[in-house]
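Here is the structure we will look at.
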Amino acid sequence: MKFNDTYISGWSNLKKVKTKLILPSSIDEILKIIYYAKYNNYKIAIRGNGCSFGDQSYLENEITIDLSNFNKILEYNKEKKYILVQAGASLLEIYNKIINNIFILESTPGGLQVSVGGAVANNIHGKDCFKNGYFEDNVIYIKYIDSEGNIYEIKKENNTNEIENIFGSMGLFCIIL
């Protein structure tokens, strides 16, 4: 397993820590990291675009999985009004795809560098949350990996309680794909 020992920080750049940073490019690589961490007693933090003000996106002298390579827009259906994206895709990338069709995501912050995985993990919101709710109201489906390396796909309509536990969990319970 190849690590890049590097210093990273959150959005505020207040504190920098040395971490074992890994940028996987496939689900198989993420699974290998999980198994390696379990076998070698490492903890794992998940990082999107590093836009969190706090320090939940890194662990000092542990493993940080950076999902920047998981930034693709996989499918866009303007008739059915949905877009399927990977967790590392930024809100800006989504807006660049949908804005010409006069679509907009509700409950998003002004800083559009936020990754979709980060938006889900922090259940972000914007100034319209008093009438449009939080980011979770934009999501109908999530695919994730748990700490044992199991992959799950859940639809909000079928598993309301399970999917709601992921929103606002700060990436502590799973890796959002």
task = Report, in degrees rounded to the nearest 10, the 0 to 90 angle that the Cα long axis of helix 27-39 makes with the longest principal axis of the chain.
result = 40
key: Reach of K16 by Cα under 19 Å, taken over lysines that are not fewer than 8 positions away in the same chain   = K43
task = Over 22 Å between C-alpha atoms is what I'm after, so list which of K32/K156; K78/K156; K38/K155; K15/K38; K2/K32; K81/K155 land there.
result = K32/K156; K38/K155; K15/K38
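For the chain, what does -39500 (n - 2.57) per DSSP helix run (n ≥ 4), summed and divided by total residues, give at 222 nm, in deg cm²/dmol to the nearest 500? Could the numbers behind the result be given before it?
Details: 5 runs with 36 residues, N = 177.
Taking each H run of at least 4 residues, the total per residue is -5000 deg cm²/dmol.
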request  = Considering Cα pairs under 8 angstrom that are at least six residues apart, work out the relative contact order of the chain and quote it in whole percent.
outcome  = 17
request  = Could you look at the stretch 1-112 and say what percent of its accessible area is carbon and sulfur, using a 1.4 Å probe and all protein chains?
outcome  = 49
task = Give, to the nearest whole percent, the P(r) tail of the chain beyond 24 angstrom, counting all Cα pairs.
result = 35
task = With a 1.4 Å probe and every protein chain left in place, work out the accessible area per residue of the chain in Å², rounded to a whole number.
result = 58
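The values are calculated or read from the model by the stated rules, or taken from the named source; none is laboratory data. Quick caveat: nothing in here was measured; it's all calculated off a predicted structure. Accessible surface is based on the protein model in full, side chains and every heavy atom, while ligands, DNA and RNA are left aside. Shrake-Rupley method; radii C 1.70, N 1.55, O 1.52, S 1.80 Å.
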